[in-house]
Amino acid sequence: MFCKDYDSFISLLSRRNYTVHTARDGAQARDILLSLVPEGSTAGFGGSMTAKELCLAEALRSKGCTTYFHWEAPAEERGEVTRRAARADWFITSANGITRTGKIVNIDGTGNRVAATLYGHEKVYFVIGRNKLAPTYDTALWRARNIAGPKNAQRLNRKTPCAVKGDKCYDCKSPDRICRGLVVLWRPMMGMETEIILVDEDLGM
């Protein structure tokens, strides 16, 4: 189960003005997202292994949506696709960590993913697997730096100490460093609805 006090956790997030959906697994989470995003709308994606694992962009295209996911674009088109994602009606991403007190923690290298969770869209959706839940802010930040960071650096073939050793963040000065900015959402940003899909399955990094 996502956590022992699931109902209390959902209630806490709701009191923080998030709209919360629950899914037993990734397949149900995908169905929920498909039911929420209107046909024919535009949807942008941040770099998210959760979105990739669940084939969310493909699923939305199957119902007539236009999607912008730079991971799917040729290298020479990624900059333009990223810019279009920033202007899409809806933005879909995940989180490096979410605390039991409702803080959503994300670290980013380019900034497109975290920037889009702060401004510019009609609505933002976070699809968050149970492996991202952390008891405190400090443990969520630790997870982002020492689990998600090294795994993503390895996936991207970066020349960083964390990618080579795969064990922790070394707070390196490498030009290949992908951990460059931290965003913590205490509550949804003003003027932009934010919905969370909690998935009772390990997803992403």
Practice prompt. Heavy atoms only, probe 1.4 Å: what % of the accessible area of segment 19-139 goes to carbon and sulfur, would you let me know?
Written response: 48 percent
Worksheet item: Per-residue ellipticity at 222 nm for the chain, helices alone: DSSP H runs ≥ 4 residues times -39500 (n - 2.57), over residue total, nearest 500 deg cm²/dmol?
Response: -8000 deg cm²/dmol
Worksheet item: Which of Pro74, Pro161, Pro188 moves most in a GNM of the chain, Cα contacts under 10 Å?
Response: Pro74
Practice prompt. Please report, in whole Å, how far the alpha carbons of segment 103-205 spread along each principal axis, starting with the longest.
Written response: 40, 29, 22
Response to the item:
Note, segment 7-22: 3J(HN,Hα) by Karplus (6.51, -1.76, 1.60, θ = phi - 60°), whole Hz, Gly/Pro = x, goes 4, 5, 5, 4, 4, 4, 4, 5, 5, 7, 6, 8, 8, 10, 10, 10
Item to complete: Among (1) 16.2, 47; (2) 18.3, 54; (3) 19.2, 68, find the value of Rg and Dmax of the Cα atoms in Å that was calculated from the structure presented, and write down its label.
Response: (1)
Worksheet item: Could you give the nm distance between label points at Trp186 and Asp5, where each point is 7 Å from its Cα heading toward the beta carbon?
Response: 2.0 nm
Fill in: segment 69-172, accessible area per residue, ligands and nucleic acids excluded (1.4 Å, Å²)
47 Å²
Item to complete: Just the number, please: percent antiparallel of the DSSP beta bridges in segment 1-138, rounded to the nearest 5.
Response: 15 percent
Worksheet entry | Among Lys123, Lys173, Lys103, residue whose mean-square fluctuation peaks in a GNM of the chain (springs only between Cα atoms under 10 Å) | Lys173
Worksheet item: Which of Val164, Val114, Val127 moves most in a GNM of the chain, Cα contacts under 10 Å?
Response: Val164
Worksheet, complete the sentence: If each K or R counts +1 and each D or E counts -1, the residues other than Gln28 whose Cβ falls under 11 Å of its Cβ total -2
Fill in: Taking the C-alpha atoms of segment 45-120, convex hull volume expressed per residue in Å³
103 Å³
Worksheet entry | Stokes-Einstein D (µm²/s) once Rh is taken as the Kirkwood radius of segment 88-150 over alpha-carbon pairs, at 37 °C in 0.692 mPa s | 271 µm²/s
Worksheet item: What lysines sit close enough to Lys151 to cross-link, taking a C-alpha to C-alpha distance under 29 Å and skipping anything fewer than 8 places away on the same chain?
Response: Lys4, Lys52, Lys103, Lys123, Lys132, Lys159, Lys165, Lys168, Lys173
Worksheet item: Using alpha-carbon pairs under 8 Å, 6+ residues apart, how would you state the relative contact order of the chain in percent?
Response: 29 percent
Fill in: Dipole of segment 155-205, positive direction: furthest Cα of Asn157, Cys172, Ile196, with charges on the beta-carbon
Cys172
Item to complete: Jot down the per residue volume, in cubic angstrom and as a whole number, of the convex hull over the alpha-carbon atoms of segment 1-90.
Response: 109 Å³
Item to complete: Rank-order 104-112, 28-36, 178-186 by packing density, defined as the average count of other C-beta atoms within 10 Å over each peptide's residues, highest first.
Response: 104-112, 28-36, 178-186
Worksheet item: Label 7 Å along Cα→Cβ of Asn17; segment 183-205 residues with amide nitrogen under 18 Å?
Response: 184-196
Worksheet entry | Backbone HN-Hα couplings from phi across segment 185-202 [Karplus 6.51/-1.76/1.60, Hz, Gly and Pro as x] | 8, 7, 8, x, 5, 5, x, 9, 5, 10, 10, 10, 10, 8, 10, 7, 7, 6
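The values are calculated or read from the model by the stated rules, or taken from the named source; none is laboratory data. No experiment lies behind these values; they were computed from the predicted model shown. Counting neighbours? That spans all protein chains shown, and the Cβs are built from the backbone with ideal geometry, glycine included. Please note that ligands, DNA and RNA were not included when accessible areas were found on the heavy atoms of the full protein model with its side chains. Shrake-Rupley method; radii C 1.70, N 1.55, O 1.52, S 1.80 Å.
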